[in-house]
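**Q** Take a look at this one; I'll ask things after.
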């Protein structure tokens, strides 16, 4: 286990105790040193999910989102709130939370898109927007739910924070310290830069992977094809087993940046198509060789930082 | 180790002692029972590669492809010959071998495409085409060379044979028995069916994966993007580290079937693009959910047959 800075908190309220929220809770409980009280309350749409998180010891208490009294109790005196739900729920969640939010509670999120989340937070919180520090832990697995949560999911992973002009630097520092306590590396970006980069290296590959499985399903000999699919297909389509709801929201929320990347990708594909059609071996080999070198260098650099092998996104 | 049928041979000559040829040699040496003599001779373009295969004990003797006397000795009395080189080398290799080939030697190959290989073999062998049994072990790793060879690479993997009308059934049976001795499952297909299926589940994903790395490389913020790439990118692009020469040949050799699959894929992608552009969440979620179910079912079915985790293609 890597050395982590000590991080203490009194009460952390997590909206969405699945893979992402559950892994934060487990990391803060099970990793590094903490001092002081550290109560974790889980709030969810699904009573089954929060009950399971309680059962697994991921959270100390569960509250239902539609229960005013429980929500008031949960948020009263909370120092930290994490939203870990599909990004389309950001605005309704913050609107639901706002009436019960203490003035010194810091709220952050784990959404895979940031410009839309910032807009949603501004709409929901108004003058209190300074309490919201936008964030995105770049880690995940295709599995979801509290059973998928891992204490080391964030070790050596990037967590992007997109501080707002209204954020007190102490608030940003506290959220950064929380993520560092999980073993993560915290990096700052603007929401727009974040969305463009993630559209390229995460959102686009997910769409391309879902599309391949869909294309095979639509073909008349789908069963035969699947029966001959091997390791290349396995890895290429692992992310096609990801949460449809989460990825629906990501695609809609980040559609401008995603379409730009998709169009650039389609242009590369059209060039490769022309080279294949012309049986232009040298052109194909040049692209493949360039890609191989870049991919291999990326892997070497990544392996040097020794992240857990099954953590991914 | 799974039970394998005993398989005996006197002299096996492998052209290309890298991952595929080397793994066959190692499997036949190290797995199951063999009786009788079993000499394995490796022939290669690169002296360094055959020397390394000798050093690793993958082969007993090495011969240089451009040495007539060595090639004659190697092929004299050989019962089996495997071609394990990029598919564009099939015809020149067979033309080189033909003058030294005994009448009862059976030749097979491991090429990722089959219609072009059959055409090349007919052109090179003419009336002796019956000695050639086309084959394709569907297994691989992105690593290449004799050091990448594994004795269990073929365990529970599909090996496709595409018997020709000219093949004696005993010849086909002998090649099938050879692959079964490595732990593989042997399945028959026509060359055209093989090429269509593999274009879909193997060749297309390789092109798509190379294309993503290329697209990122061409973007102005490539370094930043790579620095935020995580597990999804890792798995999606693992096959973009594959041999450029091999995949150049596959794309050219199988271009008709590959372009059909690529065009069908591009059509699916265009539909997804329209749904993203229209912020049509339900349409996106429907496709993603369908893909997730199909991918998860495929994984469950595959896991049930317990193949080695790092063997892939």
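**Q** State yes or no: is residue B:240 touching a strand residue (DSSP E or B) at 6+ places or on another chain (Cβ under 9 Å) and assigned by TED's automatic domain parsing to the domain that holds residue B:266?
**A** So residue B:240 does not fit the description; no.
**Q** Another question, if that's okay. Have a look at A:252, A:159, A:207, A:197 and point out the one that is closer than 18 Å to residue A:111 by Cα, facing another protein chain (nearest Cβ under 7 Å) and within 14 Å of the chain's Cα centre (by Cα).
**A** A:197
**Q** Could you list, ordered by first residue, the pairs with Cβ atoms under 6 Å in which the first is in segment B:272-295 and within 7 Å of chain A (Cβ to nearest Cβ) and modelled with pLDDT of 95 or more and the second is surrounded by 19 or more Cβ atoms within 10 Å (Cβ to Cβ) and outside any helix (DSSP H, G or I), at least 6 apart or interchain?
**A** B:295/A:237
**Q** May I pose another question? I want to confirm something. Restricting to segment B:162-182 and keeping residues that are more than 16 Å from the chain's Cα centre (by Cα) and either within 13 Å of another protein chain (Cβ to nearest Cβ) or outside any helix (DSSP H, G or I) (or both), which single residue is surrounded by the fewest Cβ atoms within 10 Å (Cβ to Cβ)?
**A** Looking at residues that are more than 16 Å from the chain's Cα centre (by Cα) and either within 13 Å of another protein chain (Cβ to nearest Cβ) or outside any helix (DSSP H, G or I) (or both), I get B:165.
**Q** Which of (1) crowded, with 23+ Cβ neighbours inside 10 Å; (2) in a helix (DSSP H, G or I); (3) in contact (Cβ under 8 Å) with a residue 60 or more places away in the chain does residue B:112 not meet, given it meets every other one?
**A** Every condition holds for residue B:112 apart from (2).
**Q** In segment A:35-55, what residues are in contact (Cβ under 8 Å) with a residue 60 or more places away in the chain and either farther than 20 Å from residue A:9 by Cβ or not assigned by TED's automatic domain parsing to the domain that holds residue A:18 (or both)?
**A** If the condition is that a residue be in contact (Cβ under 8 Å) with a residue 60 or more places away in the chain and either farther than 20 Å from residue A:9 by Cβ or not assigned by TED's automatic domain parsing to the domain that holds residue A:18 (or both), then A:49, A:52 are the ones that fit.
**Q** Oh, and also: Would you mind finding the one in A:142, A:192 that is under 17 Å from the mean Cα position of the chain (by Cα) and modelled with pLDDT of 95 or more?
**A** A:192
The values are calculated or read from the model by the stated rules, or taken from the named source; none is laboratory data. Here the structure is a predicted model, which means the values were calculated and not measured. We place every Cβ from the backbone using ideal geometry, glycine too, and count neighbours over all the protein chains shown.
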